[in-house]
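A.B. asks: Structure below; questions to follow.
The values are calculated or read from the model by the stated rules, or taken from the named source; none is laboratory data. All figures in this text were calculated on a predicted structure; none of them were measured in a lab. Because the Cβ atoms are built from the backbone with ideal geometry, glycine has one as well, and the counts that use them run over all protein chains shown.
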């Protein structure tokens, strides 16, 4: 009798220990997810949330950059700078221009004059591009860039140079 009780108690203890160690087996029997499946799902949710947050942060940066560009464009326009689009000038081959914005410091009917000014500006350390018009004129573009912020910074620097006339204007390659 004592042996039988001992065996019964031992089996109950063994069953209890195995039950405590294998909740996953009962979960599986009940059709519920196991600990590993729950952990994997938690990790997947965390990765998806991190990816979503990264997209939201990226959108915020883009919106801020757009707002900054619009504010800068307003500031440039308020300063009285003249913007001309390449398409409005007719016969400027916009396909050959490598940047969106250029500071135009001169336009010459004589190509030698344009080359002389371009050389002078290049010697001052600026990137220069000669922009031919279909009517025979050649414009001298300085500090070409695709960024409004760089355009504004470059414009301030170029205006301080001796080669820069008062009537510079900005060519927009559209």
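A.B. asks: Kindly indicate whether residue 138 is modelled with pLDDT of 85 or more, surrounded by 12 or more Cβ atoms within 10 Å (Cβ to Cβ), in contact with a helix residue (DSSP H, G or I) (Cβ under 7 Å, 6 or more places away or on another chain) and farther than 20 Å from residue 73 by Cα.
C.D. replies: Numbers: modelled with pLDDT of 85 or more: yes; surrounded by 12 or more Cβ atoms within 10 Å (Cβ to Cβ): yes; in contact with a helix residue (DSSP H, G or I) (Cβ under 7 Å, 6 or more places away or on another chain): yes; farther than 20 Å from residue 73 by Cα: yes.
For residue 138, the condition - modelled with pLDDT of 85 or more, surrounded by 12 or more Cβ atoms within 10 Å (Cβ to Cβ), in contact with a helix residue (DSSP H, G or I) (Cβ under 7 Å, 6 or more places away or on another chain) and farther than 20 Å from residue 73 by Cα - is met.
A.B. asks: Which of the numbered conditions does residue 92 fail, given that it passes all the others? Conditions: (1) over 14 Å from residue 169 (Cα atoms); (2) modelled with pLDDT of 80 or more; (3) surrounded by 15 or more Cβ atoms within 10 Å (Cβ to Cβ); (4) in contact with a strand residue (DSSP E or B) (Cβ under 8 Å, 6 or more places away or on another chain).
C.D. replies: That leaves (2) as the condition not met.
A.B. asks: Within segment 141-170, track down each residue that is in contact (Cβ under 8 Å) with a residue 60 or more places away in the chain and closer than 22 Å to residue 65 by Cα.
C.D. replies: Answer for segment 141-170, where residues must be in contact (Cβ under 8 Å) with a residue 60 or more places away in the chain and closer than 22 Å to residue 65 by Cα: 148, 149, 151, 152, 155, 170.
A.B. asks: Next question, about the same structure. Among the residues that make up segment 148-161, is at least one of them in contact with a strand residue (DSSP E or B) (Cβ under 9 Å, 6 or more places away or on another chain), under 17 Å from residue 100 (Cα atoms) and in a strand (DSSP E or B)?
C.D. replies: Looking for residues that are in contact with a strand residue (DSSP E or B) (Cβ under 9 Å, 6 or more places away or on another chain), under 17 Å from residue 100 (Cα atoms) and in a strand (DSSP E or B), one finds none in segment 148-161, hence no.
A.B. asks: Here's something else I'd like to know. Quick one: which of 29, 20 is over 30 Å from residue 168 (Cβ atoms), modelled with pLDDT of 70 or more, more than 31 Å from the chain's Cα centre (by Cα) and surrounded by fewer than 10 Cβ atoms within 10 Å (Cβ to Cβ)? It would help to see each step written out before you state the result.
C.D. replies: Numbers: 20 fails: modelled with pLDDT of 70 or more.
Among 29, 20, only 29 is over 30 Å from residue 168 (Cβ atoms), modelled with pLDDT of 70 or more, more than 31 Å from the chain's Cα centre (by Cα) and surrounded by fewer than 10 Cβ atoms within 10 Å (Cβ to Cβ).
A.B. asks: Please enumerate the residues belonging to segment 104-126 that are in contact (Cβ under 8 Å) with a residue 12 or more places away in the chain, outside any strand (DSSP E or B) and in contact with a strand residue (DSSP E or B) (Cβ under 6 Å, 6 or more places away or on another chain). Spell out the reasoning first.
C.D. replies: Initial filter on segment 104-126 (in contact (Cβ under 8 Å) with a residue 12 or more places away in the chain): 104-109, 111, 114-115, 117-118, 120-121, 124, 126.
Subsequent filtering for residues that are outside any strand (DSSP E or B) retains 109, 111, 114-115, 117-118, 120-121, 124, 126.
Scanning segment 104-126 gives 111, 114, 117, 118, 121, 126.
A.B. asks: Could you tell me which numbered condition residue 137 fails, if it satisfies all but one of (1) in contact with a strand residue (DSSP E or B) (Cβ under 7 Å, 6 or more places away or on another chain); (2) under 11 Å from residue 103 (Cβ atoms)?
C.D. replies: Going through (1) in contact with a strand residue (DSSP E or B) (Cβ under 7 Å, 6 or more places away or on another chain); (2) under 11 Å from residue 103 (Cβ atoms) one by one, residue 137 breaks only (2).
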